[in-house]
Ligand code: NAP
């Protein structure tokens, strides 16, 4: 496991699922973790679990569909810590699975806003703070359907593919001119609310717990990976 003592990490989607597990693992590794999401009660519960393990965290409720909210969040991190060492972008929405011809444009637009526009806004707003770190890293959670589209996954696949392209381009734009290192991680099938929504008939015990992904991400942060690094987390990593 990495030693992240003295480092500041911000995790989107930290209220539940993979983001919450990564936040807790980062805190156990010594980082101060800024927990973002919309559900304040869930964020407080994650924060309490971190405190109970002797870690340190701060909740920062933000709706990623609000670009001004993302800007305010970056300003708050700048004022309090003046830098960001690790940005983990786990938050995403899964629109209803349906044929492309039937996609509801209102729901699709919301998914594009949260999954794509917010990704660009996070990159933009946190770039100066990451540049202030001596070892800045950005971890983006992607999905296999971004590169390998499947029937009925069109809205989600298109939004995640667009976001992944932005992250990859950003990694290429920064790798020779900054210390930033970008990791694009496909967590694979993981036991979360999103997975249950996509596969309601699946036995949740047949897929790995979010902690498996979290442990791999925290271990990766201690490795000398080159940017952009791509990896899929196996069922038993
Ligand atoms: P999840 O359990 O549904 O959690 C999604 C998180 O995103 C929640 O913390 C939620 O927080 C946050 N979020 C959603 N809309 C938001 C908004 N408008 N503003 C701020 N936060 C918002 O999902 P997950 O399974 O942990 O997925 C995490 C990442 O892994 C995603 O990027 C997903 O695409 C990827 N992934 C997951 C799987 C899997 O099997 N689980 C597989 C492949 C890829 P609030 O509701 O509190 O806002």
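Quick note: the coordinates plus some simple rules give every number you see, no bench work behind them. Given the structure is predicted, the values throughout are model-derived calculations rather than measurements. Neighbour counts are summed over all protein chains in view; Cβ atoms, including those assigned to glycine, are modelled from backbone coordinates with ideal geometry.
Here is how the numbers come out for the structure above:
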| quantity | calculated |
| --- | --- |
| Spacing of the two label points (7 Å from each Cα toward its C-beta) at residue 189 and residue 165, in nm | 2.9 |
| Label-point separation, residue 226 to residue 3 (7 Å along Cα→Cβ), nm | 2.8 |
| Kirkwood-Stokes translational diffusion coefficient of the stretch 50-169, alpha-carbon pairs, 4 °C, 1.567 mPa s, µm²/s | 83 |
| q = 0.14, 0.16, 0.25 Å⁻¹, the stretch 24-82: log10 I(q)/I(0) [Debye, one scatterer per Cα] | -0.40, -0.51, -1.02 |
| Whole-angstrom gap from the stretch 34-92 to the stretch 179-237, using each part's C-alpha centre | 20 |
| Percent of beta bridges antiparallel (DSSP, the chain, rounded to nearest 5) | 0 |
| Nearest 10 degrees, 0 to 90: helix 40-52 Cα axis against the chain principal axis | 50 |
| Residue 178 paired with residue 132, simple spin-label distance in nm, labels 7 Å along Cα-to-beta-carbon | 1.3 |
| Theoretical gain in end-to-end length, residue 38 to residue 52 [0.36 nm per residue, Cα-Cα removed] | 2.8 nm |
| Estimated 222 nm signal from helices in the chain, with DSSP H stretches of n ≥ 4 weighted -39500 (n - 2.57), rounded to 500 | -13500 deg cm²/dmol |
| Over the stretch 8-232, volume per residue of the alpha carbon convex hull, in Å³ | 117 |
| Gained length - residue 199 relative to residue 236, 0.36 nm times residue gap less alpha-carbon distance | 11.3 nm |
